[in-house]
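**Student:** Below are the structure tokens for one structure; questions will follow.
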Amino acid sequence: MEPDPFPELFQQHRAQVLALCRRLLGSADSAEDATQDVFVRARQGHSRFDGSRPFANWVLSIASHHCVDLLRRRATESRLFGSEDVERAAVAVDGPSPLRALMAEELREGLRGALATLPARYRVPLVLAVYRDLSYQEIATTLGVTRSHVAVLICRAKQLLRLHLSRAEAAGRHQ
């Protein structure tokens, strides 16, 4: 009997899936749960996996779709019950020196805060474009909207991020 390759695939790709889920969902607990769900779905659908394509792309696609579905459910619940979760995302910046590491952490915190201010409708397409490197058409297909709508949503997300960051910078100068 051939050994099961899935535990090794899980170990190799878990961190990537977890990071994407964390960026999209904004909660470590939600990301952990979603990551488990993604690998359960991947295991169940493994027969549909095209072995000529990278496993990472396939499992990250499952993760993107799963998180978007979760966010849609949250939006529906929010409309029904009046609450909405805040999303956060991290930006990786390399830097060997302690000063550079501190500056990078400040930048990440600023971006996390700015991303947290974005409504999910703007945050999700931006995260899919930046962190998953999906094309506008792929995002449109994932979200069930047109490509031009994705372009508008991402443009508005960037404008709102710039506005938030410039206000935060101005407030920091006045302290």
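**Student:** Taking region 125-152, which residues are closer than 22 Å to A168 by Cβ and assigned to a helix (DSSP H, G or I)?
**Tutor:** Kept after step one, since they are closer than 22 Å to A168 by Cβ, are these residues of region 125-152: 126-127, 130-131.
Matches in region 125-152: L126, V127, V130.
**Student:** Can you tell me which residue is surrounded by the most Cβ atoms within 10 Å (Cβ to Cβ) among those in region 1-23 that are closer than 18 Å to H65 by Cα and of a type in the set (D, E, K, R)?
**Tutor:** Restricting to residues being closer than 18 Å to H65 by Cα and of a type in the set (D, E, K, R), the top hit is R23.
**Student:** Would you mind finding the one in G95, G26, G113 that is at pLDDT below 70 and either surrounded by 20 or more Cβ atoms within 10 Å (Cβ to Cβ) or in the same structural domain as V150 (by TED's automatic domain parsing) (or both)?
**Tutor:** Checking each option against the conditions leaves just G95.
**Student:** Kindly indicate whether any position in region 116-135 is among the hydrophobic types (A, V, I, L, M, F, W, C) and at pLDDT below 80. Before you say what the answer is, go through the steps one by one.
**Tutor:** Taking region 116-135 and keeping what is among the hydrophobic types (A, V, I, L, M, F, W, C), we get 116, 118, 120, 124, 126-130, 134.
Of the ones still in play, those that are also at pLDDT below 80 are 116.
There is at least one residue in region 116-135 that is among the hydrophobic types (A, V, I, L, M, F, W, C) and at pLDDT below 80.
**Student:** Please identify the pairs in which a residue from region 161-174 that is in the same structural domain as V124 (by TED's automatic domain parsing) and assigned to a helix (DSSP H, G or I) has its Cβ atom under 8 Å from the Cβ atom of a residue that is at pLDDT 75 or above and among the polar types (S, T, N, Q), counting only partners at least 6 apart or on another chain.
**Tutor:** Sorted first by the residue in region 161-174, then by its partner, the pairs are H164/T117.
**Student:** Next question. Output the qualifying pairs, or none if there are none: Cβ atoms under 7 angstrom, residues six or more apart or on different chains, first residue in region 120-141 and charged (D, E, K, R), second residue crowded, with 19+ Cβ neighbours inside 10 Å and not in a loop (DSSP other than H, G, I, E, B).
**Tutor:** From residues that are charged (D, E, K, R), the pairs are R121/L153; R123/L115; R123/A157; R132/L20; R132/L60; R132/S64.
**Student:** Same structure again: Taking interchain pairs and intrachain pairs at least six residues apart, which have beta carbon atoms under 9 angstrom, with the first residue in region 10-25 and under 13 Å from W58 (Cα atoms) and the second surrounded by fewer than 18 Cβ atoms within 10 Å (Cβ to Cβ) and of a type in the set (D, E, K, R)?
**Tutor:** Here the result reads F10/R43, each pair linking region 10-25 to a residue that is surrounded by fewer than 18 Cβ atoms within 10 Å (Cβ to Cβ) and of a type in the set (D, E, K, R).
The values are calculated or read from the model by the stated rules, or taken from the named source; none is laboratory data. Given the structure is predicted, the values throughout are model-derived calculations rather than measurements. Here Cβ is always computed from backbone atoms with ideal geometry, including for glycine, and neighbour counts include all displayed protein chains.
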